[in-house]
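Accompanying notes for the structure given below.
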Amino acid sequence: MGPVIDESWCEEVDEAGVRKAWDTFVQQLRDEDRISVVATMAQEQPSLQGLLVTFPVHNPLQREQVDDLKTEMLVHLKTSLKNASLQLQVEMKETPVDEKKAFLSDRERYDLMVEKNPQLDKLRQALDLDLG
C-alpha cells in the first residue's frame, strides 16, 4: 500500500519546496531506471501559483509520459510537502520547430514518424525490430 494522505495537511508550500520534492521524485524514477520519463521531467522545472503546481511539456509524447505519472507524482508532492490541497497541471508549451527537432530522442522521432505514417509501426513489428 502506498503512502496515506492526511486530508487535514495544509502546510504552507513555496516554489523552492515544490522543486526540491520534484527533484526527489525524478531521482526515484532515475533509481528505478525509468530513463525516458526522467529526461522529460528533468528538462523543465515546475512552477507554483497558490496550490497549483504547473509543469510544462513540449510535445504530446511528453504530455502522455507525465500524465501517466500524474497521480504518483501528486501523491509524492502532497506527502513530501504535507499539503493535501495541492493540484498538478501539465501544460503544453510551444517550441519553435527547428528547436524541437534538436531535443527529440530517437524514440520521440520514431513516435512522430509513426504519427504521420502508422504503417511504419506495422513494418517494425513485422521485422521484429527493437527500439532499445
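The values are calculated or read from the model by the stated rules, or taken from the named source; none is laboratory data. Please read all numbers here as calculations on a predicted model, not as lab measurements. Methodologically, a virtual Cβ is constructed for each residue, glycine included, from the backbone with ideal geometry; neighbour enumeration extends over all protein chains shown. Note: areas computed on protein heavy atoms with side chains; ligands, DNA, RNA excluded. Shrake-Rupley method; radii C 1.70, N 1.55, O 1.52, S 1.80 Å.
Using the 1.4 Å probe convention, the accessible area of region 1-110 works out to 60 Å² per residue with neighbouring protein chains retained.
For a test of the definition: using alpha carbon positions, the gyration tensor, and the 1.5 limit on a/c, classify region 26-107 as rounded, prolate or oblate.
On the way: a/c = 2.58, a/b = 1.49, b/c = 1.74.
Verdict is oblate for region 26-107.
For the residues ASN83, ASN59, ASN117, a GNM of the chain with alpha-carbon springs under 10 Å puts the largest fluctuation on ASN117.
Of interest is the spacing of the C-alpha centroids, which for region 4-46 and region 101-132 amounts to 29 Å. Note on the chain: GNM, Cα springs under 10 Å; of ARG19, ARG30, ARG109, the largest mean-square fluctuation is that of ARG109.
Only the Cβ atoms of Lys and Arg (+1) and of Asp and Glu (-1) were treated as charged; on that basis the dipole of the chain about its Cα centre amounts to roughly 240 debye. Within the accessible area of the chain, the carbon and sulfur atoms contribute 52%, probe 1.4 Å, all protein chains present. If you count Lys pairs in the chain whose Cα atoms are under 20 Å apart, skipping same-chain pairs closer than 8 places in sequence, the total is 9.
Considering helices alone, the calculated mean residue ellipticity of the chain at 222 nm is -17500 deg cm²/dmol, with DSSP H runs of length four and up weighted by -39500 (n - 2.57) and normalised per residue.
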